[in-house]
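What follows is a single structure, written as structure tokens, with notes after it.
The values are calculated or read from the model by the stated rules, or taken from the named source; none is laboratory data. All of these numbers come straight from a predicted model, not from anything done at the bench. Cβ placement follows ideal geometry from the backbone for every residue including glycine, while neighbour counts extend to all protein chains displayed. When the accessible area is computed, the model is the full protein with side chains, heavy atoms only, and any ligands, DNA or RNA have been set aside. Shrake-Rupley method; radii C 1.70, N 1.55, O 1.52, S 1.80 Å.
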Amino acid sequence: MLRTSRRPLALAGAGLSAESGIPTFRGAGGLWRNYRPEALATPEAFARDPQTVWEWYAWRRDLVAEAQPNPAHHALARLEHEREAFWLITQNVDGLSQRAGSQRVLELHGSLWRTRCIVCGHEAEDLRTPTPLDTACETCGGRIRPGVVWFGEGLDSQVIAKAQRLVEECDLLLVLGTSARVYPAAGLIPLAVQNGARVIEINPDPSGMSSMVNGLLQGPVGELLPRLLP
Ligand code: BV8
Ligand code: ZN
């Protein structure tokens, strides 16, 4: 299917970075100080306790900074190089795909490596590690937040619109390491099916969408995806 596809596309989730040592949201290692991610990745949590939320992101940033892209990230960068129509649509905020060389990447949920001031709105690329626990905005002294999309927040309308258009035009969608439970990202999978694309999922465990895909390759994406490439 990959060889004969003219417009291949990938949708990735936290499982893509699992073999880089980054805990997934719902997997075993996903807890931090006994908080559940859904409890911290919200505007309400940040309003209630901004320092704790910032410290969670600082922990994740510093973990990612020490991590390396895994063979799945490198395989996707190679796929982009070889297939000029290829795009990677990712739910991940870790930037590991870009570190592996991917450039045509849509970050549906933003990035750990961007910050935004909640007072003046100043947005910045912020690569500082160890991540400072001081969150003063460099422009106005207000408080900065991670440049990610929290639960209950809307995605960037241009990013999700482009992702939906790419899915409507693709003839093959690789679904890589996602539990397919978070919308609107998960909605891209039935959208691909409705538009007649073939869908191949790579995941050790079936996801909520496995019943509608053409094939489920059960195993770690870092092992299986590179074997799909000639
Ligand atoms: C919105 C950034 C509206 C932050 C994230 C009820 C029904 C339907 C929807 C909702 C509902 N209630 C609320 C909603 C909406 C909500 C939602 O979908 N909730 C879910 C929980 C039901 N969605 C939202 O709030 C979205 N916004 O709808 O806004 C709106 C519109 C306009 C204006 C205002 C408001 C925003 C969602 C974005 C939230 N932010 N991340 C951060 O990272 O800190 S989502 C976060 O969770 C991740 O980014 C990721 O996207 C998601 C986790 O999903 P996965 O990536 O799939 O990870 P998970 O751990 O679940 O699964 C890992 C998978 O990997 C597993 O399947 C595992 O088997 C597999 N795996 C493990 N190892 C490997 C592997 N696979 C391969 N290889 C391996 N080695
Ligand atoms: Zn500011």
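Only one of Gly101, Gly121, Gly95 is touching a Ser or Thr at 6+ places or on another chain (Cβ under 8 Å), modelled with pLDDT of 95 or more and small (Gly, Ala, Ser). Can you tell me which?
Working: Gly101 fails: touching a Ser or Thr at 6+ places or on another chain (Cβ under 8 Å); Gly121 fails: touching a Ser or Thr at 6+ places or on another chain (Cβ under 8 Å).
Sole residue among the options that is touching a Ser or Thr at 6+ places or on another chain (Cβ under 8 Å), modelled with pLDDT of 95 or more and small (Gly, Ala, Ser): Gly95.
For (1) touching a Gly at 6+ places or on another chain (Cβ under 9 Å); (2) free of Cβ contacts under 8 Å to residues at least 24 places away in the same chain, each residue gets a yes or a no:
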| site | (1), (2) |
| --- | --- |
| Ser5 | no, no |
| Ala18 | yes, no |
| Asp49 | no, yes |
| Arg60 | no, no |
| His73 | yes, no |
| Gln91 | yes, no |
| Ser102 | no, no |
| Glu107 | yes, no |
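Testing Pro23 on (1) of a type outside the set (Val, Ile, Thr); (2) crowded, with 18+ Cβ neighbours inside 10 Å; (3) within 10 Å of ligand 1 (Cβ to nearest atom), one condition comes back false. Which one is that?
Looking at each condition in turn, Pro23 falls short on (2).
Which condition number in (1) more than 16 Å from ligand 2 (Cβ to nearest atom); (2) under 30 Å from Ala47 (Cα atoms); (3) open to solvent by less than 30 Å² (accessible area, probe 1.4 Å); (4) among the acidic types (Asp, Glu) is the one that Glu201 fails?
The number of the failed condition is (2).
Give the stretch 1-17 a look and list any residue that's of a type outside the set (A, V, I, L, M, F, W, C), open to solvent by less than 90 Å² (accessible area, probe 1.4 Å) and over 9 Å from Leu172 (Cβ atoms), or say none.
Scanning the stretch 1-17 gives Gly13, Gly15, Ser17.
Could you please give the count of residues in the stretch 147-178 that are closer than 17 Å to Ala45 by Cβ and touching a strand residue (DSSP E or B) at 6+ places or on another chain (Cβ under 6 Å)? I'd like the intermediate steps shown before the answer.
Step one: of the stretch 147-178, the residues closer than 17 Å to Ala45 by Cβ are 147-153.
Filter once more, so that each one left must be touching a strand residue (DSSP E or B) at 6+ places or on another chain (Cβ under 6 Å): 147-149.
Summing the residues that are closer than 17 Å to Ala45 by Cβ and touching a strand residue (DSSP E or B) at 6+ places or on another chain (Cβ under 6 Å) in the stretch 147-178 gives 3.
I'd like the residue in the stretch 91-103 that is crowded, with 19+ Cβ neighbours inside 10 Å and not polar (S, T, N, Q) and, out of all such residues, is farthest from ligand 1 (Cβ to nearest atom).
Let us first name the residues in the stretch 91-103 that are crowded, with 19+ Cβ neighbours inside 10 Å, namely 91-97, 100, 102.
If we keep only those that are not polar (S, T, N, Q) too, we end up with 93-96, 100.
Working: Val93: 5, Asp94: 8, Gly95: 12, Leu96: 13, Ala100: 15 Å.
By that ranking, first place goes to Ala100.
Scan (1) over 26 Å from Glu80 (Cβ atoms); (2) away from ligand 1 (no atom under 14 Å from the Cβ); (3) open to solvent by less than 40 Å² (accessible area, probe 1.4 Å); (4) in contact with a Pro (Cβ under 7 Å, 6 or more places away or on another chain) for the single condition Leu172 breaks and write down its number.
Going through the list (1) over 26 Å from Glu80 (Cβ atoms); (2) away from ligand 1 (no atom under 14 Å from the Cβ); (3) open to solvent by less than 40 Å² (accessible area, probe 1.4 Å); (4) in contact with a Pro (Cβ under 7 Å, 6 or more places away or on another chain), Leu172 breaks only (1).
Consider Pro37 carefully, then state whether it is modelled with pLDDT under 95, open to solvent by less than 20 Å² (accessible area, probe 1.4 Å) and on the phi < 0 side of the Ramachandran plot.
For Pro37, the condition - modelled with pLDDT under 95, open to solvent by less than 20 Å² (accessible area, probe 1.4 Å) and on the phi < 0 side of the Ramachandran plot - is met.
Might you let me know whether the stretch 63-73 holds any residue that is over 30 Å from Pro8 (Cα atoms) and buried (at least 19 other Cβ atoms within 10 Å of the Cβ)? Walk me through how you get there before you give the answer.
Step one: list which residues in the stretch 63-73 are over 30 Å from Pro8 (Cα atoms), which gives 63, 66.
Going one step further and asking which of them are buried (at least 19 other Cβ atoms within 10 Å of the Cβ), we end up with none.
For the stretch 63-73, residues over 30 Å from Pro8 (Cα atoms) and buried (at least 19 other Cβ atoms within 10 Å of the Cβ): absent.
Can you tell me which residue within the stretch 112-152, out of those that are open to solvent by 50 Å² or more (accessible area, probe 1.4 Å) and within 15 Å of ligand 1 (Cβ to nearest atom), is nearest to Ala14 (Cα to Cα)?
So the residue we want is Phe151.
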